[in-house]
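Asks: Quick one: this structure, given as structure tokens, is what I'll be asking you about.
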């Protein structure tokens with residue numbers, strides 16, 4: 001006799017969930033490091049430290065016998081487990097419990113699992129993308145734009161052997177249309193035309209996502225640096241207008257004369273250093289105090305140097321993107337740019353719960369079946385507790401598509 005909602009076991013629900021999820025595309029399939037093992041025995045809200053990559057200083061000279069280090073840890077980032085799970089629930093009244101499980105799996109469970117993974121991916125992207133300072137922008141995504149993004153990552157010494165990209169469908173359509181006539185005989189071009197999308201270009205494996213965050217911009221006007229920035233500062237005072245103009249989290253700005261530097265040689269890259277606003281800000285009398293995601297270091301004697309000189313009062317500030325806009329984004333990256341973790345739920349009675357995983361990823365969670373005797377309502381619930389963080393800004397770049405989507 002076929003199983004019904006009333007009789008199906010948690011184990012069968014989980015097996016069906018995992019089967020349905022095996023081909024669900026997700027950025028979290030790209031090899032982003034997972035630190036779930038650091039949360040063994042932990043709980044929601046727990047924080048662990050993730051070390052950032054070592055930066056090594058290289059110099060000419062004689063053999064150094066002083067024992068001084070030639071590498072400085074760039075510190076660490078906090079990876080904090082969420083306190084509220086990502087959840088999908090379905091409740092059944094007594095007369096619905098006789099529903100055939102196969103019908104439930106097809107009509108309800110399959111779209112629910114896709115929505116669950118999309119929400120997890122959305123939370124991850126929303127957490128890390130607004131902190132990425134490197135970028136390229138164009139009206140549409142083209143082969144030239146992807147080449148520019150490859151250059152940006154190369155200049156920042158990002159590893160080049162495992163590059164990935166996650167873009168909106170419209171961006172991949174842009175790229176497909178831009179490249180379809182480049183080489184009549186190229187197998188990869190033929191394949192992209194048949195599929196209607198480009199799976200790889202300029203060294204990037206390209207994935208499509210429907211949950212890429214949109215970058216909104218504030219009402220900030222033409223701007224200048226309000227007060228000279230000090231060494232190691234993470235706040236910048238910017239004159240953004242004359243009243244209560246706004247700046248949005250994730251916005252990027254730069255000062256033309258303050259150039260980015262090579263992480264090893266500390267030579268100028270010939271392009272301005274980009275800074276990302278870490279939190280929404282509202283100006284008072286036209287002055288906005290902006291927290292930036294990366295401290296400012298200009299001293300050539302400091303291995304952390306990341307800019308040729310400090311921004312000075314009166315320097316012109318250039319904002320990326322027009323004010324009061326909504327800009328579509330994609331992200332191009334090496335998987336080491338971020339970190340994730342998923343919490344093991346406590347053991348439950350096997351008759352009402354079972355753990356599940358998403359094949360090809362480190363995503364894991366718990367399925368629970370709960371029955372309310374008083375109301376007769378039976379609830380199916382899938383829970384995932386996760387943590388995510390940006391680890392190395394230099395290993396990722398945003399693409400900002402400035403063309404209107406309407």
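The values are calculated or read from the model by the stated rules, or taken from the named source; none is laboratory data. For clarity, every value in this text was computed on a predicted model and none was experimentally measured. Here the Cβ is made from the backbone with ideal geometry for all residues, glycine too, and neighbour counts use every protein chain on show.
Asks: Looking at segment 91-150, which of its residues are free of Cβ contacts under 8 Å to residues at least 24 places away in the same chain and either surrounded by 19 or more Cβ atoms within 10 Å (Cβ to Cβ) or under 21 Å from the mean Cα position of the chain (by Cα) (or both)?
Replies: Listed by number, the list holds a single entry, 148.
Asks: May I pose another question? Is one or more of the residues making up segment 308-316 in contact with a helix residue (DSSP H, G or I) (Cβ under 9 Å, 6 or more places away or on another chain) and in contact (Cβ under 8 Å) with a residue 40 or more places away in the chain?
Replies: Looking through segment 308-316, none of the residues is in contact with a helix residue (DSSP H, G or I) (Cβ under 9 Å, 6 or more places away or on another chain) and in contact (Cβ under 8 Å) with a residue 40 or more places away in the chain.
Asks: A further question on this structure: Kindly establish whether residue 237 is in contact (Cβ under 8 Å) with a residue 12 or more places away in the chain, out of contact with any helix residue (DSSP H, G or I) (no Cβ under 6 Å at 6 or more places or on another chain), surrounded by fewer than 22 Cβ atoms within 10 Å (Cβ to Cβ) and assigned to a strand (DSSP E or B).
Replies: Here the answer is yes, as residue 237 does meet what is asked.
Asks: For the structure I just gave you, tell me whether residue 176 is assigned by TED's automatic domain parsing to the domain that holds residue 134, over 30 Å from residue 263 (Cβ atoms) and either at pLDDT 90 or above or surrounded by 18 or more Cβ atoms within 10 Å (Cβ to Cβ) (or both).
Replies: Numbers: assigned by TED's automatic domain parsing to the domain that holds residue 134: yes; over 30 Å from residue 263 (Cβ atoms): yes; either at pLDDT 90 or above or surrounded by 18 or more Cβ atoms within 10 Å (Cβ to Cβ) (or both): yes.
Yes; evaluated as a whole, the condition is true for this residue.
Asks: Moving to a separate point now. Filter segment 241-265 for residues that are under 15 Å from residue 286 (Cβ atoms) and under 28 Å from the mean Cα position of the chain (by Cα) and give the result.
Replies: First pass over segment 241-265, keeping only residues under 15 Å from residue 286 (Cβ atoms): 241-247.
The answer is 245, 246, 247.
Asks: Another question, if that's okay. If you check 332, 345, which single one turns out to be assigned by TED's automatic domain parsing to the domain that holds residue 167, under 23 Å from residue 78 (Cα atoms), in contact with a strand residue (DSSP E or B) (Cβ under 6 Å, 6 or more places away or on another chain) and not in a strand (DSSP E or B)?
Replies: 345 is the lone residue from the list that is assigned by TED's automatic domain parsing to the domain that holds residue 167, under 23 Å from residue 78 (Cα atoms), in contact with a strand residue (DSSP E or B) (Cβ under 6 Å, 6 or more places away or on another chain) and not in a strand (DSSP E or B).
Asks: Now a separate question. Go over the candidates 221, 283, 278 one by one and state the one that is more than 24 Å from residue 125 (Cα to Cα) and either touching a helix residue (DSSP H, G or I) at 6+ places or on another chain (Cβ under 7 Å) or crowded, with 16+ Cβ neighbours inside 10 Å (or both). Don't jump to the end; show me each part of the working.
Replies: Numbers: 221 fails: either touching a helix residue (DSSP H, G or I) at 6+ places or on another chain (Cβ under 7 Å) or crowded, with 16+ Cβ neighbours inside 10 Å (or both); 278 fails: more than 24 Å from residue 125 (Cα to Cα).
None of the other options fit; the residue is 283.
Asks: For segment 202-217, what are the residues that are crowded, with 17+ Cβ neighbours inside 10 Å and touching a strand residue (DSSP E or B) at 6+ places or on another chain (Cβ under 8 Å)?
Replies: 204, 206, 207, 208, 209, 212, 213, 215, 217
Asks: While we're on this one: If we keep just the residues of segment 10-44 that are assigned to a loop (DSSP other than H, G, I, E, B) and modelled with pLDDT of 90 or more, which is surrounded by the most Cβ atoms within 10 Å (Cβ to Cβ)?
Replies: Residue satisfying both the conditions and the ranking: 32.
Asks: Residue by residue through segment 202-234, note down the ones that are closer than 23 Å to residue 307 by Cα and in a loop (DSSP other than H, G, I, E, B).
Replies: Matches in segment 202-234: 222, 226, 227, 228, 229, 230, 231, 232, 233, 234.
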